[in-house]
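Structure first, then comments.
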Amino acid sequence: ASKHKAMSYGRMKQVEKEFGRLDFLVHSLAFAPREELTGQFVNTTRQGFATALDVSAYSLVAVARAAMPLMTEGGSIVTLSYLGAERVVPHYNVMGVAKAALECTVRYLAYDLGPKNIRVNAISAGPIKTLAARGVSGITKMVDLHKEFAPLRRATEQGEVGDTALFLVSSLGRGITGEIIYVDGGLLSAI
């Protein structure tokens, strides 16, 4: 916790020095030890569980706290989640639990920061073959299944997620907070 605090505040001081204020923040940080993403979830270690929740969920609290004083005219915080927060996704294991904690964190932060006109939301994207996703066993199969069952019958594109983030950090999203926006080609509605 103190590591997150020191890193977050140090970086925010640098932002304040360069820009004066902060209008938005995109939180795109998640991690679990690779061995926690294989085998059965029941074999998750206490340390692996703690690491996944600390890095993937608590870090949002830490950066929001550090960013809050710089959002003097309100602002928007966006984080990234995944369907594994709601449904069992094979090989996602403890990251699903961490993403569930992240989504709950979004709602609590939205409640706390709303009076300061700071909005907090999450984007739950379909599976995308990114560098980070390569750590999840079976990502190619996940993308293929997504293309088969999502109503749009295609993979989620990084640009679609970026467009949604842009919407949420802009004034176009000014009435949205505490929400999980699904950018998954309609998969959640189809399963």
Residues to consider are Y82, Y58; find the one that is of a type in the set (S, T, Y) and at pLDDT below 95.
Y82
Inter-residue pairs, beta-carbon under 7 Å, first free of Cβ contacts under 8 Å to residues at least 60 places away in the same chain and more than 19 Å from F24 (Cβ to Cβ) and in the range 94-119, second in a helix (DSSP H, G or I) and open to solvent by 30 Å² or more (accessible area, probe 1.4 Å), 6+ apart
A101/L53
Filter the range 1-27 down to residues that are at pLDDT 95 or above, of a type outside the set (D, E, K, R) and open to solvent by 70 Å² or more (accessible area, probe 1.4 Å), then give me how many there are.
2
Selection from the range 154-191 of residues that are part of a helix (DSSP H, G or I), open to solvent by less than 30 Å² (accessible area, probe 1.4 Å) and hydroxyl-bearing (S, T, Y):
T164
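The values are calculated or read from the model by the stated rules, or taken from the named source; none is laboratory data. Not measured: the values here are computed from a predicted model. No Cβ is skipped: glycine too gets one built from the backbone with ideal geometry, and neighbour counts run over all protein chains shown. Quick note on the areas: whole protein, heavy atoms, side chains included, nothing else; ligands and nucleic acids left out. Shrake-Rupley method; radii C 1.70, N 1.55, O 1.52, S 1.80 Å.
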